[in-house]
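Chemist: Have a look at the structure that comes next, please.
Quick note: the coordinates plus some simple rules give every number you see, no bench work behind them. The shown structure was predicted, so the numbers you read here are calculated from the model rather than taken from an experiment. Using ideal geometry, Cβ is built from the backbone for each residue, glycine included, and neighbour counts are taken over all protein chains shown.
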Amino acid sequence: MAVDWQLVAFLVLSALEVIGSILVVINKRLVRAAFWLAMTLVTIGAIYLLFLSEFVFLIQIIVYAGAVPVLFVFGIMLTRRKIMDEPAREGTP
Amino acid sequence: MSAPLIPNLFEVCKVLTVAIVWIVQQIIYAFAILIPPLTGLGDWLGSDLVVTLLTWLIAVTVVVIWATLVNLLTMMWVERKLYSRLQDRYGIMISIWSLPFWPFNRVKRPTHRGTGYLQNVADGVKLLQKENITPRNADSAMFHISPVLIASSTLMIFAALPWSSGFYVANLPLGILFIFAAFSLAPLGILIAGWSANNKYTLVGGLRAAAMLMAYEIPMILAVIALVFFTGSLDPIEIVRQQDRVLFALGPIGIPAWYAFSPQFLGFLIFSVAMMAEMERIPFDIPEAEAELVEGWTTEYSGMRFGLVFGFKWLRMIAGAALIAILYLGGWSGPVFATLDVGGIPVPILPEEVWFLLKIYLISAVFVWISWSVPRVRIDQILNIGWKRLIPYSLLAILIAAGFRVIG
């Protein structure tokens, strides 16, 4: 039985990507949402790699590895820890 | 021109794999006399696909062991001895005779007058015995994932980093870019570690790492862009091959055509400074400024998890020094003074690996020297250095490189 491994890899990567992007939207903790966004972007990069465009893959990693920490910082500094959380609770960052 | 000690790592590992597979096959065939279906297993082990897969595994293992068990330990030892000498003391001196069990614990052996090379191993064993503590209010999943992210991305550098023209795992045409991609993943792990530990010191350390990330990574990439004007390639082996010639002869000494001696000198300085910030060496180690923040973003880690995030800094230092050597200082190219004739093949007495290691350790020694001689800069000062000095100078380096490229 011949398995089309490229198709399998594409399906696995795209499933991960869809799951990751759903988790970005529904996650209550903003920092975790940013982390899932990083996973989504890396899987998109891996799909670029599957299309034999290594340069775009590496640039994707380099650019978004810089962009996601900035998003993290904004997530930490400009919002509460949980979205739609009670505002003033002592002892939690 | 000198030749590598290992002409092709994959072929060398293939010989090893074939030998191991042959031995295992003979054992399986011996058992197959009793249990006949095992013959198929033996045949499957000898098939081409399995041997190739095992060879890749062995090649990766060889490079990882070479990088961590040999070079990481040596680099830590060199740093500890060297900064002790700079502070006018001896440094680590525990010798192997201080081990408390039989072949070592003989009397009349000086226990504290050795070179101290195995002290780092002892520290690692001590860290392995310690308890892994997770803070109560920490984000446990992210707290545990960030050492994995840092360690794996650091090891990923060595998949593309060649140690000589034959000693590498994979020769990628975009190797330099791959190394930068692997380098740039670790600050994400630092930020996650800093945020998830639920401690004000780790959070400040992580946010400092994120703040200085842009300030040094942009000039680093821009300096490499300036270099690519000259090389026209991102393949590390090709870049080193271009530098393996004599620029001009100064009497009997030939000055090599390293890119540090070309109009790329400005880019070399920028790249070295940015690489020091990337490696978190002391003038730029504000994410873990132990005088201000307890231990920076590593405060809450304990046990071997701390060992990983702390010790892999030296692995990144090796990778950074190797990158500087490859890009600007001629990599593994070096003169050959004498060759040894082994069966008609001239084997250089100083092969490429020796030159490369010599350059790596010299660059690292300079970094250690600098970092234990100067005080730490403040967070606003490094942002000023990055954004107001390094980025304009790296743009100037690009301009110079483009100008020289136009002239010829």
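Chemist: So what's the Cα pair-distance distribution over region A:30-78, bin width 5 Å, in %?
Modeler: Binned Cα distances yield the sequence 6, 24, 26, 19, 13, 8, 4, 1.
Chemist: Please rank B:GLU280, B:GLU238, fewest neighbouring Cβ atoms within 10 Å first, as an exposure proxy.
Modeler: B:GLU238, B:GLU280
Chemist: Further question on the same structure: Taking amide hydrogens as modeled 1.01 Å from N in the peptide plane, which residues meet the under 5 Å criterion relative to B:ASN198, leaving out close sequence neighbours?
Modeler: Long-range HN contacts for B:ASN198: B:ASP139.
Chemist: Let me ask something else. Using a simple spin-label model with points 7 Å from Cα along the Cα→Cβ vector, what separation in nm is obtained for B:VAL64 and B:ASP380?
Modeler: Simple spin-label model gives 4.6 nm for this pair.
Chemist: Taking the Cα atoms of region B:21-178, what is the range of coordinates along each of the three principal axes, in descending order and whole Å?
Modeler: Sorted largest first, the three principal extents are 66, 49, 47 Å.
Chemist: Something else: Using a Gaussian network for chain B with springs between C-alpha atoms less than 10 Å apart, which of these wobbles most: B:TRP66, B:TRP258, B:TRP102?
Modeler: B:TRP102
Chemist: Let's see if you can work this out: charge +1 on each Lys and Arg Cβ, -1 on each Asp and Glu Cβ, no other charges. What is the dipole magnitude of chain B about its Cα centre, in debye to the nearest 20?
Modeler: 1080
Chemist: Another question, if that's okay. For region B:208-244 and region B:365-408, what is the separation of their Cα centres, given in Å?
Modeler: Each part reduced to its Cα centre gives a spacing of 12 Å.
Chemist: I would also like to ask the following. Under 8 Å for C-alpha pairs, at least 6 residues apart: give me the relative contact order for chain B, rounded to a whole percent.
Modeler: Relative contact order of chain B: 21 percent.
Chemist: Compute the FRET efficiency between A:TRP5 and B:ILE225 as 1/(1 + (r/R0)^6), taking r as their Cβ-Cβ distance and R0 = 35 Å, and round to the nearest 0.05.
Modeler: Efficiency, from the Cβ-Cβ distance: 0.45.
Chemist: I'd like the Karplus ³J(HN,Hα) series for region B:363-379: coefficients 6.51, -1.76, 1.60, θ = phi - 60°, whole numbers in Hz, and an x wherever there's a Gly or Pro.
Modeler: Result, ordered by residue: 4, 5, 5, 5, 5, 4, 4, 5, 6, 9, 10, 10, x, 6, 7, 7, 5 Hz.
Chemist: Multiplying the sequence separation of B:GLN87 and B:GLU295 by 0.36 nm and subtracting their Cα-Cα distance, what value in nm do you get?
Modeler: 72.7 nm
Chemist: Restricting to DSSP loop positions (anything but H, G, I, E, B) with no more than 15 other Cβ atoms inside 10 Å of their own Cβ, which chymotrypsin sites (Phe, Trp or Tyr not before Pro) remain in region B:71-147?
Modeler: B:TYR90, B:PHE101
Chemist: Next question. Take A:MET77, B:MET317, B:MET142 and order them by how many other Cβ atoms sit within 10 Å, fewest up front.
Modeler: With the sparsest Cβ surroundings first, the list reads A:MET77, B:MET142, B:MET317.
Chemist: Just counting partner chain Cβ atoms within 10 Å, what average do the residues of peptide B:178-184 show around their Cβ?
Modeler: Average neighbour count from other chains, rounded to a whole number: 5.
Chemist: State the extension gain, in nm to one decimal, for the chain segment bounded by B:ARG245 and B:VAL148, taking 0.36 nm per residue of separation less the distance between their alpha-carbons.
Modeler: This chain segment gains 30.8 nm when fully extended.
Chemist: Could you work out the relative contact order of region B:110-192, using alpha carbon pairs under 8 angstrom and six or more residues apart, expressed as a whole percent?
Modeler: RCO, region B:110-192: 29 percent.
Chemist: Pick from B:ILE35, B:ILE20, B:ILE58: which residue has the top mean-square fluctuation in a GNM of chain B where Cα pairs under 10 Å get a spring?
Modeler: For chain B, modelled as a Gaussian network with Cα springs under 10 Å, the answer is B:ILE35.
Chemist: In whole Hz and in residue order, list the ³J(HN,Hα) couplings for region A:8-14 that follow from phi through the Karplus curve 6.51 cos²θ - 1.76 cosθ + 1.60, θ = phi - 60°; x for Gly and Pro.
Modeler: Result, ordered by residue: 4, 4, 4, 5, 5, 5, 6 Hz.
Chemist: Figure the gain on full extension for B:ILE255 and B:LEU16 (residue separation times 0.36 nm, minus the Cα-Cα span) and round it to one decimal in nm.
Modeler: 82.0 nm
Chemist: Right, another one. Read phi for every residue in region B:124-129 and hand back ³J(HN,Hα) as whole Hz from Karplus 6.51 cos²θ - 1.76 cosθ + 1.60, θ = phi - 60°, with x for Gly and Pro.
Modeler: x, 5, 4, 5, 5, 6
Chemist: Choose one of B:TYR328, B:PRO36, A:TRP5: the residue whose Cα lies farthest towards the positive end of the charge dipole of the protein assembly as shown (beta-carbon charges +1 Lys, Arg; -1 Asp, Glu; about the Cα centre).
Modeler: So the residue we want is B:TYR328.
Chemist: Once you order the gyration tensor axes a ≥ b ≥ c over the Cα atoms, which shape class does region B:143-407 get: rounded for a/c under 1.5, otherwise prolate or oblate by comparing a/b with b/c?
Modeler: Cα axes put region B:143-407 in the prolate bin.
Chemist: Label region B:348-408 by shape, choosing from rounded, prolate and oblate, from the square roots a ≥ b ≥ c of the eigenvalues of the Cα gyration tensor; if a/c is under 1.5 it is rounded, and otherwise prolate applies when a/b is larger than b/c, oblate when it is not.
Modeler: Cα axes put region B:348-408 in the oblate bin.
Chemist: Taking square-rooted eigenvalues a ≥ b ≥ c of the alpha carbon gyration tensor, is region B:1-106 rounded, prolate or oblate, where a/c under 1.5 means rounded and, failing that, a/b exceeding b/c means prolate?
Modeler: Cα axes put region B:1-106 in the oblate bin.
Chemist: Further, regarding this structure: Hey, what number do you get for chain B at 222 nm if only DSSP H runs of n ≥ 4 count, each worth -39500 (n - 2.57), divided across all residues, to the nearest 500?
Modeler: Taking each H run of at least 4 residues, the total per residue is -19500 deg cm²/dmol.
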